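Worksheet for the structure shown next.
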Amino acid sequence: MKAKRQSDLYILGMVLAILTFWLFAQSMINIIPTMQKDLNVSSGILNISTSLTSLFCGLFIVIGGGISDRLGRKKMTYVGLVISIVGSLLIILAREPVLLIFARVLQGLSAALVMPATLALIKTTFQESERQRALSYWSFGSWGGGGITTFVGGLIATYFDWRMIFIFSIVIAVVAMILLKNIEETKVAKVNKEKFDIIGFSIFVVLLLVINIIVTQGQDLGWASFPIIALFIASIILTILFIFFERTRKHQFIDFELFKTKPFTGAVLTNFLQNGIAGTIVVANTYIQIGRGFTAFQTGLLTLGNIIALLLMIRVGERLLQKVGPYKPMFISIIIASVGMSFGALTFLSNLPYIIVVFIGFLIAGIGIGLYATPSLDTLLVNVSDDKVGIGSGIYKMASSLGYSFGIAISTAIYTSFAELFHNEHLAGALGMLTPLGFGMLSIVILIVTMYEKSLNADCI
């Protein structure tokens, strides 16, 4: 009983550590207008500071996983939480753009350390069903925190000072450190002495910077403008260059050997696309406000069903994983999520029926995303050796961040392009909100190719 209580405290500590980023740091997405008035800075600066957090998380999360493997997962969790505290303090104190941007970079770096380190701790601390239970709660912090962040951020900013968000973040980080005080440290027993792949990392940094510019500035510059097209071509060239260069290296920045395991590849790629499906909710929110005249708060209320369903179904996904393995829950969840998120495409409906349909669609999508979380994470961890679990987790979470960004970028590009072309918000909204179906179909194909064969021979847990 004592051991189980201690395990529960460890799990709670990891969940709170994840929430410092997914709930509190990401809440800035919904408080930009309030911060702009208070700090007297341009919206462009705030948009950059918002995107930089995800960017630097994506840039360094694989490195963070590798560092945690070598130096210790518990140690890197603590370092990440300390950096998070410093970042939150700087935002509270910020009165100028430079300090604000630096603080947001720190929050991104914090997440890049905490997420792979805590996943690795779960892998090395818990076994079988206990590991799966821990992954479910970890997913509460990641998927659930990300789902409710807009609502919570808006709520706190409306009824309190927006700085309270980051005060809460500091408190939560401290509590997480206390709860994880006695967890056993784990790291790779034999550390390789190879040199860091600085060239591969540099190419990767430039690639993600280019992608970030495309994502954040595409609408302003014009998706069909020369700079965006040039950057898009550059991103393709850089991607090819990165893959070619890494394959020639003995010691790689991203270990491509991991992708020789089909289930690992399936978990990473479907995770990318599932987050892409989740990211399309931005188009729905935009259309509902612009095309239907709803306020941001009213629009946020429509997502509550999504959040509740997501959190409830995470544990259901865990149970299904234990009974039938990962393939079937992942297959079903992808279909449910993509279809549910596409309900918003029924823009020909009048206001009341449309709002009801969208609420139901968001709820259904939440069921799909919740079912997916634990089977996907468990598939990843089962198919990664203990000495590479940190870097494997880093790759997985990098796919999460990039997938969400691509989901937003592609769906909004379709929405804005057709809105400008036809001057019809309803048609543009419908086309933009059909994007999840495309992500879903591609994800199903990948899942069948990478995991179907193994699922036929797998024994149920």
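Here are a few things to note about the model shown:
- Axial C-alpha extent at least 24 Å, average Kyte-Doolittle at least 0.5 - helices from the chain (DSSP): 2-19, 43-71, 73-93, 97-125, 198-221, 226-248, 304-324, 351-382, 389-422
- Long pairs among Lys37/Lys397; Lys74/Lys323; Lys74/Lys388; Lys74/Lys260; Lys262/Lys388; Lys74/Lys328, criterion Cα-Cα beyond 24 Å: Lys37/Lys397; Lys74/Lys323; Lys74/Lys260; Lys74/Lys328
- FRET efficiency estimate (nearest 0.05) - Cβ-Cβ, Ile448 to Leu221, R0 56 angstrom: 0.90
- Cβ-to-Cβ counts within 10 Å put Thr435, Thr299 in ascending order as Thr299, Thr435, the fewest first.
- Cross-link reach is defined here as a Cα-Cα straight distance under 18 Å, omitting same-chain residues fewer than 8 places apart; for Lys123 the aspartates and glutamates meeting it are Asp8, Asp69, Glu184, Glu185, Glu318, Asp378, Asp386, Asp387.
- Helical content alone sets the calculated 222 nm signal of the chain at -26500 deg cm²/dmol, taking -39,500 (n - 2.57) per DSSP H segment of four or more residues and averaging over every residue.
- Put simply, the C-alpha atoms of segment 269-372 give a gyration tensor, and the ellipsoid matching it has half-axes of 27, 12, 11 Å, longest first.
- Dimensions of segment 293-347 along the principal axes, based on C-alpha atoms and rounded to the nearest Å, stand at 45, 21, 9, largest first.
- Ascending count of other beta-carbon atoms within 10 Å, so fewest first, for Leu371, Leu19, Leu9, Leu269: Leu9, Leu269, Leu19, Leu371
- In segment 197-250, the convex hull through the Cα atoms has an average projected area of 3.4 nm², a quarter of its surface area.
- Across segment 257-452, Cα-Cα pairs more than 26 Å apart make up 32 percent of the total.
- Here the chain is scanned for GluC sites (Glu not before Pro) in DSSP loops (not H, G, I, E, B) that have at most 15 other Cβ atoms within 10 Å, and the longest stretch holding none of them is 195-461.
- Per-residue Cβ neighbour rank within 10 angstrom, fewest leading, Thr450, Thr265, Thr158: Thr158, Thr265, Thr450
- Inverting the pair-averaged 1/r between distinct Cα atoms of segment 1-194 gives 16.9 Å as its Kirkwood hydrodynamic radius.
- Across all directions, the average flat footprint of the convex hull enclosing the Cα atoms of the chain is 21.5 nm².
- Exposed chymotrypsin sites (Phe, Trp or Tyr not before Pro) absent: longest stretch of the chain, with sites in DSSP loops and at most 15 other Cβ within 10 Å deemed exposed: 1-159
- Taken as Cα centroids, segment 197-276 and segment 87-127 sit 22 Å apart, rounded to the nearest whole angstrom.
None of the figures in this text is laboratory data; all of them are computed from the coordinates on show. As the structure is a computational prediction, the values presented were derived from the model and not from experiment. Counting neighbours? That spans all protein chains shown, and the Cβs are built from the backbone with ideal geometry, glycine included.
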